[in-house]
1. With respect to C:Leu111, is the statement that it is in contact with a Leu (Cβ under 8 Å, 6 or more places away or on another chain), modelled with pLDDT of 85 or more and buried (at least 16 other Cβ atoms within 10 Å of the Cβ) true?
2. Name the pairs whose Cβ atoms lie under 8 Å apart, with the first residue in segment B:105-132 and farther than 20 Å from A:Ala196 by Cβ and within 8 Å of chain A (Cβ to nearest Cβ), the second aromatic (Phe, Trp, Tyr) and not in a loop (DSSP other than H, G, I, E, B), and 6 or more positions between them or separate chains?
3. Would you check if C:Ala140 is farther than 19 Å from C:Met24 by Cα, within 13 Å of another protein chain (Cβ to nearest Cβ) and at pLDDT below 90?
4. Mind checking which residues of segment C:109-168 are assigned to a strand (DSSP E or B) and closer than 24 Å to C:Phe225 by Cβ?
5. From the residues in segment B:109-160 that are within 25 Å of the chain's Cα centre (by Cα) and of a type in the set (Asp, Glu), which one is nearest to B:Cys195 (Cα to Cα)?
6. With respect to B:Val245, determine if the residue is under 20 Å from B:Leu5 (Cβ atoms) and of a type in the set (A, V, I, L, M, F, W, C).
7. Would you mind finding the one in C:Leu111, C:Leu138, C:Leu70, C:Leu144 that is of a type outside the set (Lys, Arg) and within 30 Å of A:Ala269 (Cα to Cα)?
Amino acid sequence: MSENVDATLAPQRLGPPRSPISRLLESRLIGWVALAAALLAPFVTASPYSLNVMTTAAIFVLLASGLNIVVGYCGLLDLGYIAFMAVGAYTAGIISKSFELPLLFTIPAVLVMTILAGLIIGAPTLRLRSDYLAIVTLGFGEITRITANNLSVTGGPSGIFGIPGLLKIGGLDVENPAVLYYLTVLVVSLFVLASARLGKSRLGRAWRFVREDEDAAEAMGIHTYKVKLLAYIFGAIWGGLGGVLFAAHLSAVSPQSFIFLQSALVLMAVVLGGMGNMRGVVIGALVISLLPELLRDFASNRYLVFGLLLVVVMVFRPQGFWPARGYERERATVDVDPPAVATEQGR
Amino acid sequence: MTAVLEVKDLQVAFGGVKAVDGLSFSAHEREIIAVIGPNGAGKTSAFNCITGFYRPTSGSVRIKGLETTGKRPADIAAVGVTRTFQNLRLFPDLTVLDNVRAGMHLYGGQNWADAILHTPRFKRSEAMYTDEANYWLDFVGFEGARGVPVRNLSYGQQKRVEIARALARKAELLLLDEPAAGLNYSEKQQLLVLCGRIRDLGTSIVLIEHDMGLVMELSERIIVMNFGREIAVGTPAEVKANPAVIEAYLGKDDEGAQSNGDA
Amino acid sequence: MTQLIWDGLFVGSFYALIALGYSMVYGIIKLLNFAHGDIYMLGAFIGFALLTSMGGIPASLSLGALLIVLLVSMLITGGAGVLIERLAYRPLRGAPRLAVLISAVGVSFSLEYGIAAIAGPNPRAYPIRLEGGVFEVLGARASLPQIVLMLIAAGLMVALNFYIQKTSTGRAMRSIALDSNASLLMGINVNAVITRTFFIGSALAGAAGVMAGAYYGKIDFLMGFIIGLKAFTAAVIGGIGNIKGAMLGGLVLGFVEAFGSQWFGGQWRDVFSFAVLILFLTLRPTGILGERVTERM
């Protein structure tokens, strides 16, 4: 009975990984490097085509960072994530067009609508088993798209076009592609940062506890249902804002942009990059959105390749290429004094 | 003495099987109670009822005088109960420190806006989380790396982490489900000392345990269960002498009189 | 009214045929085989390739040719199902549920866009179309092909039910569904049974694909997506993991859709059936025939 506690039987790899590449990727600098690269990119190529591609990629990064909250942190498989983007884009488009408002002013309404959508989808389904949840979210995604396709307020199959720009202040015209690109990069980096910070907070830990073991999390006083719903709502907000940027970028919204394929692509970005690891997710999103543009031959068969890659990655690296690291720095010295709070036991 | 835990006429049935059939007991402040009994006697089922993982068929559970019967586990934990599980239920991919931080979830000191903005309050709260997690790991005598995934640790170390996680909740009532299972002799001795220190913090302990040596030395009262019912209760000496207990453990016809050892 | 019932019955028997595969696999390894709808699509395309390679078929022989093609396609899709299980699901047995589900999404994608790469992304016209007289039965218009296809579907389901209830493999399947570890200890070759389950489920879906191609006359690489979702709905309605439930669920969904599109308009048909799915999952996740299980930790 007592042999199985021999410490030498424990796996030997106790320290953090030490390869130079992983150290580089895990340094604090990498975020700034990525931001600088994004800001400098228009100086390398600023054709309307490349600006279009880069803006789309930036929006895609935002979506992936939002889905990462739901799938990566909380472990809830959402196969209809694009529906939140649809809700955001349609809300922004309809309001700004009918009231002749810049898109910026529609954001409060977009927040309300996406949070509502998150609640409507999440509240009845988050008690379900994870695989049921996946298919129900898929169903919701399709319902959203078909509804947009059938209603007249959403413009039916042709959608809404001629949406006003984000903002117009004096001479600064945000409809200029370069200005819009910079604005998008700014917004996206702030939200990526926010989502990374959420992941390293009390709420972010609660999401991981729920992902790892719901019963144990409950026993520690974590209201798993509420915590899951919060993951959904945050994911919905990220998606909704992605929708606003999308509407600003294309100045048109139509149901074809919100097919299942789009949800699946965002999911692939999260999974291939590394579930729960925001840096990996950003890289995954950039690879998925930019690679087909860079490799033309690859573009025609990209979905087949992505599909096969998904299986291969799951079989060989179920946490994704670059998963969230399970290591953290430890204290340098051993505390001698117990913390004040801990000693006043029993209150 | 006030009762931290009061269980009255607790019943749980799965289909036709009554796992717990009319169990009543109470635990007082700074008391260590052991629940013993043969496998399948309903001990863990009773624990799961107290902590809200099973919904009792009938009966009531009161914790610190508050009715908690039928509430969900998280709400019951918030009232002031914490527990460990029979088979380790840690968060395997998360670090040792994060596992212990789970126990502190109810002591927030930060919200999501603090986290996004990295406010001073957030930094204070995170520092508190880390300090306290380290404190409780020290308290249980955890030696070893704390920034690594808990799945890399040995079984004995993982058991300590689970107790540290439960202690970090700082509840008045601690339920331990077979804390000594799989531990060697010296580790059991350390557990004995640890339980005493936990009690000195002002915490009542109810534990399920099969190691009779440990139970006799540790507990002030012992509740013996069989077939979902309490068949005896008393001090270790009383229980040892109780004929019903001997019967439950050794069978009616005391033929071979095989030692129950630490069965 | 009778027309609606007849239409529901017809579409429902397709759903039932596909739902069976979903339900069997789920019952045995608790895996939601997301790619199952795409096996149906694969069946349609294999049938297409076989019929095209046979050259021109006189209309009088079309039913016989169809039956042969049906059988061959079933064998091939069954084999494909087995291959998918070996490559994409078996290595992940015991892995977190999330990983297996994502792998299944990957398989679905690979099948869809693999076929698109081979056969082209545009819809293809099926080389044969079943033709036959139209009858009036109790006020409903039913065509001969409809009746033939429904008979084939019913025959397959009866055969399956016999297989599960009466043969030793069927018994092994049922025992694995109850407890796969205990079955392993009792000497059942669990892997072999899972392989067989995938074969049968995929073959049935493939049969449905060929039949749909022959009946509707048009196939494309995304045709399995919506129908996969519908079949899952049918499986859930009937009680997932339950063979008879899957058949019942298929028929119920067929009726629900027929009446739903009558009342709300055809463009809302899919919305209506997904709403039914969500309703069932939230209110009665065990379906009509599923039994409630007390969950123990």
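1. Criteria met by C:Leu111.
2. B:His105/A:Phe209
3. Spelling it out, it is not the case that C:Ala140 is farther than 19 Å from C:Met24 by Cα, within 13 Å of another protein chain (Cβ to nearest Cβ) and at pLDDT below 90.
4. C:Arg124, C:Ala125, listed by residue number.
5. Per the criteria, the residue is B:Asp138.
6. Numbers: under 20 Å from B:Leu5 (Cβ atoms): no; of a type in the set (A, V, I, L, M, F, W, C): yes.
Judged against the criteria, B:Val245 is not a match.
7. Sole residue among the options that is of a type outside the set (Lys, Arg) and within 30 Å of A:Ala269 (Cα to Cα): C:Leu111.
To keep it simple, each residue is scored yes or no on (1) farther than 22 Å from B:Arg221 by Cβ; (2) more than 14 Å from chain A (Cβ to nearest Cβ).
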site: B:Glu6; (1), (2): no, yes
site: B:Gly40; (1), (2): yes, yes
site: B:Thr44; (1), (2): no, no
site: B:Leu66; (1), (2): yes, yes
site: B:Pro73; (1), (2): yes, no
site: B:Ile76; (1), (2): yes, no
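The values are calculated or read from the model by the stated rules, or taken from the named source; none is laboratory data. Given the structure is predicted, the values throughout are model-derived calculations rather than measurements. Note: ideal-geometry Cβ built from the backbone for every residue, glycine included; neighbour counts use all protein chains shown.
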